[in-house]
Amino acid sequence: MKAAGGSVRSRLRDGVAASDPGLLRLAAGLRTVGAIALTLAVLGLFGAGITHLVAGAMSAMVATFAIREKQRAQQAVTLALGLPVALASVTLGAGLSSRVVGGDLFFVVLIFCAVYGRRFGDRGTALGLISFQLYFLSLFVGATVSALPQLFGVLGVAFASSALVRFVLVPETPTGILDRLREAFRARLAQLVSAQIDLLDAGPDEVEKALEDLRDGTARLHETAMMIQSRLEDGTADKATARLLQRRIADAEIATERLGLLLLTARSAERADTLTMHLPGASVRVGAPLPARDEATATLRRDLDAVRMLVLRPVSEHTGTALALVRNRLLGYRDEENLPPAPAAVQDVFRGIGETARAVLGLRIALGGAQDESDDSPATARSREELDAEDAAIDASEDEDEDGADETATGLRRPTTRAAVQVAVGSLLAIVGGEFLSSQRWYWAVLTCWIVFINTASTGEILVKGYRRLVGTVLGVVAGIVLAGLVGHHTWTSFALVLVLIFAMFYTAPLSYTLMSFFVTAALGLLYTLLHTYSFSVLVLRVEETALGAACGVVAAALVLPVHTNRRTNDLLVTVLERLADVTESAVDQLSGGPPVDLLDQARALDQALADLRAATQPLTYPITPLRARRDTARYVVALLETCAYHARSLAATAELLPTHPSIAADPRLRRAGGRIAHNIEAIAAHVADEQAAVEMETGSSIASLLEPDVPGTPRYGRITDRVLRHLQRLDETVAGLGRPLSVPVADVVKPRR
């Protein structure tokens, strides 16, 4: 019973860790709700009125979610600076409330300064957000000059409560976040292996669903790896530790993704295209199911279960000899003589299991330190020696600092300046239009206009965000009406429901902007009830002001210094291609015998550029877009780029092993094979940047034929070079395929590259 209970708790813990990597959303919701609850408790003890309770709750919420720095010392400084900024904003809001024109003009100037402050990093963004939201608060609660002393006290209590919850009750450190992210990576890795087992067992009618789950699991694992990458610098003790963990995370991600592709190939009627793993809705030709009673199939299913067990078993847990025996058997597949008799495609899956087991072993060592080696088989001992050699190479390497400064745009071309001008113009339009709708609550239109510009960079992104906010607001109004009718004027019950809604708002914010808007609008309906200003007409006005604010934001973005979606996606596409060329050329050069470079950082820079492009194409791929052909083309191009990134990461990971791996040797002929790929990537980038550019792509014989020896009788290449060639061949085909939807011309005559 104790073991069963522990197993249930372990599965529950892994499920929570996988659904909320690092527990970042849970911590954000708890901190915000805790700060609000503590503020309400303190103000309630002093007998504060409803207006002050609402002001305190909103101030505590702003003081909590505005702080985004990763280091606790920086958070404390920003929070301390935020209090005087909040006091100044509330004072100006109360003083200018009776001066309509002057107050509106100052609000526009404040909005410009708040958005412009983003150029100064997280602290500038936080202080700008606090200044805007507290000015809005003064309008919401109807602050007056005579009531400022009591309001100052409320703000002091709110900021103190926020600090107490942040640093004492719900503390968060970079090291703790990184530890939880590593647990999330482990849990999502196990989920991906489970999806691979489902693909193995799926019948002909279930393969498409299993393949979709495999795509989702691969994307979720990659997302967690990127989150870990962003936290390595702050969450580790030194650069060597950070680089070691980065290497092990990358190895595990690449090995597991490759295992899924090999398994898909074994289930397919023909060799599976890597694009199938990245293009949503792509179908696969399914061959005959693997024999259910076949010994090789049973062994394969057992070994996939064993890989999942290796991933899930905590590093610190004493496991005896059983785990060692399982690990030894899996690592034995790296030796050709240990492969079970089976078709070639199935034997490739066993090889992939061996490589995945090695990556999991490296991950366990990196997370848990040295382990008992008394039960190691020769294959396991060899894997440990390889991992130790890699660790030693990482410890001995010296990081070179790059002093080159990024060139940034100036004047109105700087993104923060352009956004500040756009949101100022949009807010001015929202103020004028909002005054026509309501002289009392026009500020809702301004708030919506402000919000649709946050974390957006093109007209299309603003349009999509405005649409989502409007849908969430309409649904939230309905919920607000229902809740207001149920709660009535029960003050503390209403505040309790507000806390629940605010927690849901922060917990769902990274997942769905529509859901976040729904919860915040429902909470506002309860706040209106508490302020005795609730009515059906008020909530309808909320929808009208939201629609007006979103429309003003879109108009300003489209007419004032516009950044069209095509232009932004083209710029980001060029960046992705440049990063892809960097990784490919560096990896091929190192595999050809060139000097070692920092390939993992280059690969993660490629991943980040691709993530930015994927986000920027959302307006093109949104379900309601009327341009269906354009939507399909955007999805296809992004899927091709994700396929290219997978092969580039694999090349980089193999090249990183070159100095220490005994079975990998440099092959100078690989440089000859990579020349055409590099040229074609550069040609596509030049064509995207300028359609009139005189560039052409090259085609020709296969990559493998470029490595044919010049002297008869010379050995062709070994197994590792063969794997590198497969990645280069797939990369060459995918890059050529990328040129077609982008209309890049192809040369008629191809000159041989030597």
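What dipole magnitude, in Debye to the nearest 20, does the chain give about its Cα centre under +1 on Lys/Arg Cβ and -1 on Asp/Glu Cβ?
Charge dipole, the chain, about its Cα centre: 2240 debye, nearest 20.
Roughly speaking, what is the centre-to-centre gap between segment 42-103 and segment 230-273 when only Cα atoms are used, to the nearest Å?
44 Å
What is the spin-label model distance, in nm, from residue 701 to residue 740 if the labels are put 7 Å beyond Cα along the C-beta direction?
2.4 nm
Using the crude model of +1 on Lys and Arg Cβ and -1 on Asp and Glu Cβ, and no other charge, please compute the dipole size for segment 118-263 relative to its Cα centre, in debye to 20.
Here the size comes out at about 880 debye.
Which of rounded, prolate or oblate describes segment 62-218 when judged by the alpha-carbon gyration tensor and an a/c cut-off of 1.5?
The shape class here is prolate.
Enumerate the calculated ³J(HN,Hα) couplings along segment 117-129 in order (Karplus 6.51 cos²θ - 1.76 cosθ + 1.60, θ = phi - 60°), each rounded to whole Hz, writing x wherever the residue is Gly or Pro.
x, 5, 5, 9, x, 4, 5, x, 5, 5, 5, x, 5
At residue 691 and residue 493, where each label point lies 7 Å from the Cα along Cα→Cβ, what is the point-to-point distance in nanometres?
6.3 nm
Grab the Cα-Cα distance for residue 560 and residue 81, subtract it from 0.36 nm times how many residues apart they are, and report the gain in nm with one decimal.
169.2 nm
Determine the relative contact order of the chain: mean sequence separation of Cα pairs under 8 Å and six or more apart, normalised by residue count, in whole percent.
It comes to 12 percent, rounded to a whole number.
Assuming a ≥ b ≥ c are the square roots of the Cα gyration tensor eigenvalues, decide whether segment 33-147 counts as rounded (a/c under 1.5), prolate (otherwise, with a/b larger than b/c) or oblate.
oblate
With point charges of +1 on the Cβ of Lys and Arg and -1 on the Cβ of Asp and Glu, referenced to the Cα centre of the chain, which listed residue (411, 592, 132) lies farthest in the positive direction of the dipole?
Ranked along the dipole, the leading option is 132.
What FRET efficiency comes out for the pair residue 237/residue 70, r = Cβ-Cβ distance, R0 = 22 Å, nearest 0.05?
Computed FRET efficiency for residue 237 and residue 70 comes out at 0.90.
Please report the spacing between the Cα centers of segment 549-580 and segment 414-464 in Å, no decimals.
Answer, in whole Å: 17.
Given H placed on each backbone N at 1.01 Å, which residues far from residue 268 in sequence or on other chains put an amide H within less than 5 Å of it?
Here 287 satisfy the definition.
Of all the stretches in the chain, which is the longest one without any exposed loop site, taking GluC sites (Glu not before Pro) in a DSSP loop (any state but H, G, I, E, B) with at most 10 other Cβ atoms within 10 Å?
408-754
Hey, what number do you get for the chain at 222 nm if only DSSP H runs of n ≥ 4 count, each worth -39500 (n - 2.57), divided across all residues, to the nearest 500?
Theoretical 222 nm ellipticity from helices: -24500 deg cm²/dmol.
To the nearest 10 Å², what's residue 679's accessible area with a 1.4 Å probe?
50 Å²
Using 0.36 nm per residue, how much length does the chain from residue 168 to residue 621 gain when fully extended, once their Cα-Cα distance is taken away?
158.7 nm
With θ set to phi - 60° and the Karplus curve 6.51 cos²θ - 1.76 cosθ + 1.60, what are the ³J(HN,Hα) couplings of segment 208-213 in order, to the nearest whole Hz, using x for Gly and Pro?
3J(HN,Hα) across segment 208-213, in whole Hz: 4, 5, 5, 5, 5, 5.
If you line up the long axis of helix 443-452 against the longest principal axis of the chain, both from Cα atoms, how many degrees apart are they, to the nearest 10?
In the chain, helix 443-452 runs at an angle near 10 degrees to the longest axis.
At what distance in nm do the modelled label points of residue 512 and residue 628 sit from each other, each positioned 7 Å from its Cα along Cα→Cβ?
Here the answer is 2.6 nm between the modelled labels.
Quick one: grab the alpha carbon gyration tensor of the chain, order the square roots of its eigenvalues as a ≥ b ≥ c, and give me rounded if a/c is under 1.5, else prolate or oblate depending on whether a/b is larger than b/c.
The shape class here is prolate.
Which peptide among 563-571, 357-365 comes first, and what is the full order, when sorted by highest mean count of other Cβ atoms within 10 Å?
Result, highest mean Cβ count within 10 Å first: 357-365, 563-571.
Calculate how steeply helix 72-95 sits against the longest principal axis of the alpha-carbon atoms of the chain, using the helix alpha-carbon long axis, and give the answer as 0 to 90 degrees to the nearest 10.
On a 0 to 90 degree scale, this one is about 30.
Quickly rank 298-311, 518-531 as a protection proxy: mean count of other C-beta atoms within 10 Å, highest first.
518-531, 298-311
Provide the per-residue ³J(HN,Hα) series for segment 181-187, in order, calculated from phi with Karplus coefficients 6.51, -1.76, 1.60 and θ = phi - 60°, each as a whole number of Hz, with x at glycine and proline positions.
5, 5, 5, 5, 4, 4, 5
Amide H to amide H under 5 Å from residue 746: which residues, 5+ apart in sequence or cross-chain, H placed 1.01 Å off N in plane?
697
Between segment 139-199 and segment 465-494, what is the C-alpha centre distance in whole Å?
What the calculation gives is 23 Å, centre to centre.
Mind checking the angle between helix 50-65 and the chain's longest principal axis? C-alpha axes, 0 to 90 degrees, to the nearest 10.
30 degrees
The values are calculated or read from the model by the stated rules, or taken from the named source; none is laboratory data. Everything quoted here is computed from the prediction, not taken from an experiment. Neighbour counts run over all protein chains shown; Cβ positions are idealised from the backbone, glycine included. Just so you know, the surface numbers come from the protein's heavy atoms only, side chains and all, with ligands and any DNA or RNA stripped out. Shrake-Rupley method; radii C 1.70, N 1.55, O 1.52, S 1.80 Å.
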